[in-house]
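The values are calculated or read from the model by the stated rules, or taken from the named source; none is laboratory data. Just so it is clear, the model here is predicted, and its values are computed rather than measured. Cβ: placed from backbone, ideal geometry, glycine included. Neighbour counts: every protein chain shown. Heavy atoms of the whole protein, side chains included, go into the accessibility calculation; ligands, DNA and RNA do not. Shrake-Rupley method; radii C 1.70, N 1.55, O 1.52, S 1.80 Å.
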Amino acid sequence: MLARVANNLFWMGRYIERSEHIARYINVNYFSSLDAPNIKSQNRQFVLRSMRYMVGDPVADENITLHEEDVLYQIGLDANFQYSIINNVKFARENANSARDLISTELYESINKFYHFVLNYPKDQFVKNSLHDFTVNVTEMTSILRGKIRGTLLHDSVYAIILLGINIERATQITRIINAKFNDALKAQGSYGDKFSNSFEWTTLLKCAESYDMMRRFYKKTPTSISTLEFLILNPNCPRSVMNSLNQVYKNVKILDPGKKYNKKSTAFLIGRIRAEYEYKYIEEIEKDIESFINHILQSLTEVSKKLEEEFFTY
């Protein structure tokens with residue numbers, strides 16, 4: 001396989017995963033605000049600012065009034081906004097085109113269908129009354145794509161490269177969502193007599209990560225800052241957790257680098273170090289300084305991505 005084509009497969013997986021998390025975030029935040037237990041979390045400006053913050057376009061000036069239709073259009077269907085859903089789907093398809101001979105017909109057709117759904121979605125309809133329809137379809141189509149990847153590709157190096165992209169992006173997006181909701185919880189605390197640890201934003205965070213039901217079954221209690229962060233960061237059995245994603249990245253990179261030889265300059269060694277660091281952490285250590293954790297894990301994931309590119313995608 002050409003290194004360039006391997007890179008295309010890697011980024012195809014990343015863009016598919018990224019579009020899903022952005023779609024779910026704007027869906028959950030918008031509709032959770034309608035029955036939030038406090039005025040702050042119900043505030044539409046608060047919700048729109050949270051959306052902008054999560055996609056990496058924060059609004060620093062609190063005096064600026066955001067317009068709902070403009071924000072939704074920018075994040076959803078604005079081809080001029082780098083992190084919009086439509087651009088992520090477009091980039092996923094472009095990368096699939098470049099690796100067409102290595103992926104199945106079923107997977108390619110599903111990606112093509114996904115692309116045309118997003119490309120042809122009526123913009124006026126989306127910003128006025130179809131946010132739920134659009135975002136639910138995006139999350140369902142990305143689930144179909146992951147099913148096609150799992151069920152129509154040989155579980156070989158091609159499959160491993162796509163899974164590397166998916167899991168690195170999942171860990172990145174979950175961390176970004178944690179960052180955004182941590183920021184929201186700080187701003188909303190005290191708005192109805194609650195404390196930071198019992199904020200409604202932790203429930204919203206779990207729903208953004210599609211993990212609310214799993215977490216309730218595991219802890220059998222109302223989400224708090226400690227239980228939510230522990231579940232989404234350190235629990236290896238939660239399919240959306242950072243730890244689970246790191247484990248999957250390590251598993252798949254060993255398919256590309258099956259050698260037993262000790263090499264501290266390899267990608268597998270770097271991922272192993274990061275895994276080991278978080279495998280034995282207490283969540284209380286992370287909660288004391290969540291911002292440092294967020295910066296550290298995002299930096300670590302960037303290093304892994306660069307290391308992968310150097311070792312496998314650049315020749």
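Applying the set (1) touching a residue at least 24 places away in the same chain (Cβ under 8 Å); (2) of a type outside the set (Asp, Glu); (3) farther than 20 Å from residue 32 by Cβ; (4) touching a Leu at 6+ places or on another chain (Cβ under 9 Å) to residue 264 leaves exactly one unmet item: (1). Residue count for segment 267-290 satisfying the condition of being in contact (Cβ under 8 Å) with a residue 24 or more places away in the chain and more than 30 Å from residue 5 (Cα to Cα): 8. Exactly one residue out of 145, 153 is among the hydrophobic types (A, V, I, L, M, F, W, C), free of Cβ contacts under 8 Å to residues at least 60 places away in the same chain and either surrounded by fewer than 16 Cβ atoms within 10 Å (Cβ to Cβ) or farther than 20 Å from residue 231 by Cβ (or both): that is 153. Within segment 36-73, being hydrophobic (A, V, I, L, M, F, W, C) and open to solvent by 40 Å² or more (accessible area, probe 1.4 Å) holds for 39, 60, 64. Residues in segment 205-239 that are open to solvent by less than 40 Å² (accessible area, probe 1.4 Å) and either more than 15 Å from the chain's Cα centre (by Cα) or farther than 21 Å from residue 288 by Cα (or both): how many? So the count comes out to 14. Of all residues in segment 74-104, exactly one satisfies the criterion of being buried (at least 16 other Cβ atoms within 10 Å of the Cβ) and acidic (Asp, Glu), namely 78. All conditions but one from (1) closer than 19 Å to residue 24 by Cα; (2) open to solvent by 70 Å² or more (accessible area, probe 1.4 Å); (3) free of Cβ contacts under 8 Å to residues at least 40 places away in the same chain; (4) more than 18 Å from the chain's Cα centre (by Cα) apply to residue 140; the one that does not is (4).
Residues that are more than 28 Å from residue 30 (Cβ to Cβ) and hydrophobic (A, V, I, L, M, F, W, C) were ranked within segment 157-181; the one that is most open to solvent (accessible area, probe 1.4 Å) is 163.
If you go through segment 1-35 and pick out every residue that is under 23 Å from residue 201 (Cα atoms), open to solvent by 10 Å² or more (accessible area, probe 1.4 Å) and of a type in the set (A, V, I, L, M, F, W, C), you end up with 3. For residue 97, which of the numbered conditions (1) in contact with a helix residue (DSSP H, G or I) (Cβ under 8 Å, 6 or more places away or on another chain); (2) assigned to a helix (DSSP H, G or I) fails to hold? Condition (1) is where residue 97 drops out.
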